Amino acid sequence: MTDNPSLQFLKCTEFSNPAVRSLLTTRFVSRSSDLATNQKHSSKRPFNLATHVGDDPNLVANNRVLLRQHLPQEPLWLNQVHGVAVADDSTATVNAIGDAIGASQIPMADAAITIKSKRVLAVLTADCLPVVFASVPNPQTPYESQLHGVAAAHAGWRGLVNGVLENTVASLRAQLAPGTAIEASFGAAIGPLAFEVGAEVFQAFCDQAKNAEQLQKIQAAFKPQLAPSKQNPVDLATVPEKWLADLYQLAQIRLEQIGVKVLARPDWCTYRDERRFFSHRRDTVQQREGYLPGHFINSTSVDPEAKFNAPSSFQPGRQATLVWLDR
């Protein structure tokens with residue numbers, strides 16, 4: 001019997017820079033086995049790439065080896081801590097196993113930059129927003145004579161509030177020629193119909209608005225939501241206790257503020273798409289609390305085709321969003 005694992009990738013929006021490659025891994029790897037009867041049977045197993053979620057370290061190592069077969073180099077894995085530090089690949093050590101072996105050599109950062117060809121950057125997420133960046137070539141100058149760079153960032157709401165995207169862009173700009181334009185593309189995150197947050201999150205973003213126009217945009221990225229235990233209507237004269245937050249929109253507001261063009265926004269939702277994505281809230285938090293948000297299932301504001309599909313299995317894990325320059 002032979003086992004032929006097959007990976008499925010998704011792509012971020014295409015960048016203006018023709019050398020940029022960006023991929024998202026998905027939740028499962030398919031296995032096809034040819035039996036003596038010549039019949040083919042396919043099965044799936046979780047394709048977790050994180051070493052910190054309680055998975056078998058050998059399985060994670062094997063998954064990273066399988067991923068490496070599709071990449072020009074071993075990715076630069078990060079020890080992500082919901083912070084704002086940015087790793088420069090010129091001073092970071094690349095290690096296939098990451099946290100499991102040689103943890104002291106893994107950068108403690110939530111973003112990374114590179115201007116090197118074939119250097120693969122990676123961030124791991126399961127609801128937080130992965131953002132990849134790339135420099136835009138100057139059409140007036142020969143491509144090969146220009147400096148080009150890419151970056152990847154892991155942005156949950158804490159990282160967004162504290163400036164991880166701004167730090168990433170500043171670090172990348174410092175490596176490029178002055179005035180070089182930068183574009184950003186989003187990977188898969190928890191969507192605006194599923195990301196329930198408290199009033200403190202709403203207030204933290206509003207407090208950082210630089211003017212009335214930006215405040216209005218930030219407020220539009222939040223929708224008031226009743227706490228699951230309450231039946232009374234929301235009193236809009238006070239700050240609601242619970243909100244549904246749009247991570248994609250909140251990131252776009254911050255990036256536009258620093259002059260970064262955001263490419264077409266995806267409609268992925270890690271929480272609601274069990275087939276393709278790990279979700280920390282769905283696979284870990286909701287399982288632990290024994291609660292599935294039925295108000296999402298029955299919501300009349302949700303497209304029937306996109307309604308939450310109750311998980312058939314809970315398997316903690318993380319997918320990777322990867323970016324590199326191919327020349």
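The values are calculated or read from the model by the stated rules, or taken from the named source; none is laboratory data. Keep in mind that this is a model prediction, so the values were computed, not measured. Backbone-built Cβ (ideal geometry, glycine too); neighbour counts: all protein chains shown. Heavy atoms of the whole protein, side chains included, go into the accessibility calculation; ligands, DNA and RNA do not. Shrake-Rupley method; radii C 1.70, N 1.55, O 1.52, S 1.80 Å.
Here are a few things to note about the model shown:
- Residue selected from region 231-254 under the condition out of contact with any Gly (no Cβ under 9 Å at 6 or more places or on another chain), in a loop (DSSP other than H, G, I, E, B) and surrounded by 11 or more Cβ atoms within 10 Å (Cβ to Cβ), by the criterion modelled with the highest pLDDT: Pro240
- Screening Ala155 on (1) among the aliphatic types (A, V, I, L, M); (2) free of Cβ contacts under 8 Å to residues at least 12 places away in the same chain; (3) closer than 20 Å to His280 by Cβ shows it passes everything except condition (2).
- Against the conditions (1) at pLDDT 90 or above; (2) in contact with a strand residue (DSSP E or B) (Cβ under 8 Å, 6 or more places away or on another chain); (3) crowded, with 16+ Cβ neighbours inside 10 Å, Cys12 satisfies every one except (1).
- The residue that is most open to solvent (accessible area, probe 1.4 Å), among those in region 132-188 that are assigned to a loop (DSSP other than H, G, I, E, B) and of a type in the set (Ser, Thr, Tyr), is Thr141.
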